[in-house]
1. Taking the options A:234, A:190, name whichever one is farther than 29 Å from residue A:64 by Cα and in contact with a strand residue (DSSP E or B) (Cβ under 9 Å, 6 or more places away or on another chain).
2. Just one of B:31, B:93, B:86 is in a strand (DSSP E or B) and either in contact with a helix residue (DSSP H, G or I) (Cβ under 7 Å, 6 or more places away or on another chain) or closer than 22 Å to residue B:145 by Cα (or both); which is it?
3. Restricting attention to segment C:15-41, which residues are surrounded by fewer than 18 Cβ atoms within 10 Å (Cβ to Cβ) and over 25 Å from residue C:94 (Cα atoms)?
4. Just wondering, is there one or more residues in segment A:273-292 that are touching a strand residue (DSSP E or B) at 6+ places or on another chain (Cβ under 7 Å), under 28 Å from residue A:762 (Cβ atoms), at pLDDT below 95 and buried (at least 18 other Cβ atoms within 10 Å of the Cβ)?
5. Name, by its number, the condition in (1) in contact (Cβ under 8 Å) with a residue 12 or more places away in the chain; (2) in a helix (DSSP H, G or I) that does not hold for residue A:331.
6. Scan (1) surrounded by 23 or more Cβ atoms within 10 Å (Cβ to Cβ); (2) over 30 Å from residue A:118 (Cα atoms) for the single condition residue A:680 breaks and write down its number.
7. Which of the residues belonging to segment B:122-139 are in contact with a strand residue (DSSP E or B) (Cβ under 6 Å, 6 or more places away or on another chain), within 26 Å of residue C:61 (Cβ to Cβ) and surrounded by fewer than 24 Cβ atoms within 10 Å (Cβ to Cβ)?
8. Could we say that residue A:735 is touching a helix residue (DSSP H, G or I) at 6+ places or on another chain (Cβ under 8 Å), closer than 16 Å to residue A:682 by Cβ and touching a residue at least 12 places away in the same chain (Cβ under 8 Å) here?
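The values are calculated or read from the model by the stated rules, or taken from the named source; none is laboratory data. All values derive from a computational prediction rather than experimental measurement. Glycine gets a Cβ as well: all are built from the backbone with ideal geometry, and neighbour counts include every protein chain shown.
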């Protein structure tokens, strides 16, 4: 989230799209009801289904799954053509004024530089025009035909309300109401928050969905202000924390990058990331990348990280590609992987194309499942009839189940969507033989290191170089681990005048104290300060809100730097005055930036220095046009899902995202709208937490059985009765469940053709307390987004038929 | 935000109400306390409810109830009805509002309404099995319950259920055990959106006004508070978007009152019946006293003997 | 008059006094099962009917047991009464003279039976007890099933149960009143109880109260 959960109460308009906050985030949703009840905020929900968020919304607009870019581009066009934008914000705080290179082009859905054989773009033309001084050229009047603003107007002009209706199936009046409510916040007086989740990300063009949202918010001036923001709602408790600490396959903790094969030296790696400012006076905070990186290496390799060996840079693996879980399963399927360690993960359920996953697991030598509960993955080898049809005799994989403590059986921190790190205390003793993840991993590491010491092996050097100097190597303490995350001074840190600002051994108070000479460590710069010299900030539980704006500054610790709203300098105009009294947040008081939050800015830089509020960006401003930073284009383009009931009505030549990741066999496993005329989409139910709570009796009582939601019209067409057993199948697999025939789903009219959509809740499987069901991802395709590799779970093609079976 | 009931202290707290605060006790006549405690109420704001069922789970957990895992029958309602273990249940209704043209998904948390004039208590034959505290809570005492199911017949809202295990009646207790120590009910505690709030009845009415104003501003001109006078008002109240049509909320009664059949059964029948039995018995005594026994006389016997002589 | 007033097992034993067999042993057992059931039902029913009599549940081992036992006794009563019904219904059919008898209730109450028509095995009052009990028991078992939640709770609506419970209790009250009449009559008319205990009455009793029956028993014709 750019903002925080508690900040949502400041919103005047709340837009939920690509998510279902009421069902997937019911606790955070309280701030939506709060904004509605106490502020008179309007809530609008755009979703293929009239879901439980829509049940409490003021306005609901239907949309066909996978057509979000068109809808959102329609909103962008509405704002631009009706001049409903926050002009001063756009001019000063976005790159609208930046001039783009002349050879950057856009034709029939494709940008310049496309190479069809490689399914990728050469992005070199996606760049600004630079002046002789090395800075990007700008036209602050926004009139230059090559400025981002004018390119944008041209790019989005065709996304009219009529087109939105034709492509997305949203009735024009319902679309216009959304656009109108969005526009009502483009003024600095009112704010809109956008809440999204995996309904936007899980598409072959997911990242571009979110781009659209960012652009809308920037046009409205809704970034950096209370009640604004583009707010990604994280779907697991602490999934924010887990991505923060670097489980992203191409990242090390704190969103720093893992080296690639093209970066043989530390300097070559840093050179690509230590961004120099693109306009004068800008902070371009990534100039500090080196400090964070070296501090990380010092934590990782301790005394083995020296200036001479580039702080152990070469102990890090160098990526030759992307190794996300889809790729891992593809490699397993090819027989190239021997073992898999699943820690709190149920990939048989979570990964698309279950049949392939099951075959992949069968090819392993060993599978380790570390989990508090028994997962379907750990039982993949067991025959459960149609729900998991496998011959155990043919599976040679040895499966180890290591029982792990549940969250309540160990102390530690949890980071929520608001980026707030909160401590939890141990509430119960571990059950039976379960051990904490830390203890299991430490035990594994120590054993493996011993084996390497004795027998050697590939990567021995790196493994032995790892600093494992815990007091008890088998049980690293929480204090030790937190100190690692936070960072400490390794020698006395002195300021320019030679005064010691941080004594050797002391923990750092902020990442501003990190150094690039090896005198500090700290493996996760963004968390620095949460376990600073004054103690464990995550344990703070002061729920006072002095400003009344939901800024609980002394509750937990919000990374970075305990900041609650990111880019908050943008809440004031270029002169440092609040855009309005209603949205007064961070402002210049003549001496420094002040307000209820920690400024996302150097607090003493006066407004007249014209330092942009987006200090992480080399431009100092936000980007409406993202240069070469995204694989599939600097502007969003309407792309259909790979399986779509219609062709691309805007750019007929585009078949799906032209640069999406496609594995061998993926395209062959796609169905056509002739055989599979119905759109399928998957989602969670509020009664369950992903694939976990099907193991919990009370949750199973609340939603006991898999079902298929469909419109009354589709049910009538197919002769399906309410509560009847139906079969849903795609080119890749099939599932069976009860029909929930509902008014909450309605057929779409797409380009004059009736298109049905069915809803498929994902929480059911063959292990647990709920009735057995086939894994829903037997239906879905593994084709993934070109930027995030996230598979297209949310839009695919299926067919439906009634079958004999227990009729409820 | 409605100020939530603060977390409890960890040290024991004396119960705030008990037997001395009963204003009604089933099948018993009691002298109510001179001073009533402040009436409490739970307010369920249907317009804020997201149907997450956290209240249902909280109810199971707090009351240590175990419900069976059922099946899906084509709806979101699970279980499909209140049971002896499910004391509260979300009921989902898809309502097409002809006036606005909008679909509305009405989600009502069903459960005991804690009537001021409780029909269950009126119907109950077991002394003390159902009690009403002066704060308005209607509670079942399972040690005294005999499982006759009369409460079901007395209830205008179809709430109590008989357990198939111990054949006793169960329903929401308004978490009388929690409220006795200054806590709100478990469902209220679990509700993420303050669709359930708890406080004194006056506070709840005020809060409802605040909510109704908001709903009216959003075009729900018939928004209102459901506190049906037919049962003397309730200690569980609803804020409804359409208070003029409570029946669209999964059959919430329009103007509930204790059934006249129950009133007759538990009222006039009881007295007339006992009086009739008494009268008949009294008549016997009286008649016997006045008319004396109807004895067979010697003459009768002789007549009989004479009659039978012919056969000898 | 063509109908015989004599039941199988009725017979006269001349002597001093004359002894008349009125009820066979099976009939008496049948009666007493019915009678005991009815008393137990009345007691348990009244206990559940009014708080003033709730203490009566103590006789049955408490409220729960009372609630459990009552309907089962009802079943026993119903079956048992069915036996009585088929045993007795023929001689309880209504006749013209019964109406005459009824119209002279004053004489009946005064014990002035000479002013009444000669009575067969059953007088009009007894017949009314018989038929009203038949009707009431049918109503009670039917309405009782409707409110027997443990086994039939799912088959009826609450509104049906409300109607049933009202009918059940009202009928039970009336039935108890009729029962009082029945019992009182048996006490008031001395010599009656022996009919149901030993199965015998004296000839004088029969002469006085059921002369037509006695005559037919003796003469073999009516």
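1. Working: A:234 fails: farther than 29 Å from residue A:64 by Cα.
Every option except A:190 fails the conditions.
2. Details: B:31 fails: in a strand (DSSP E or B); B:86 fails: in a strand (DSSP E or B).
The unique qualifying residue is B:93.
3. Residues satisfying the conditions are C:15, C:16, C:25, C:29, C:33, C:36, C:39.
4. No: zero hits.
5. Residue A:331 satisfies all of (1) in contact (Cβ under 8 Å) with a residue 12 or more places away in the chain; (2) in a helix (DSSP H, G or I) except (1).
6. (2)
7. Result: B:128, B:139.
8. yes
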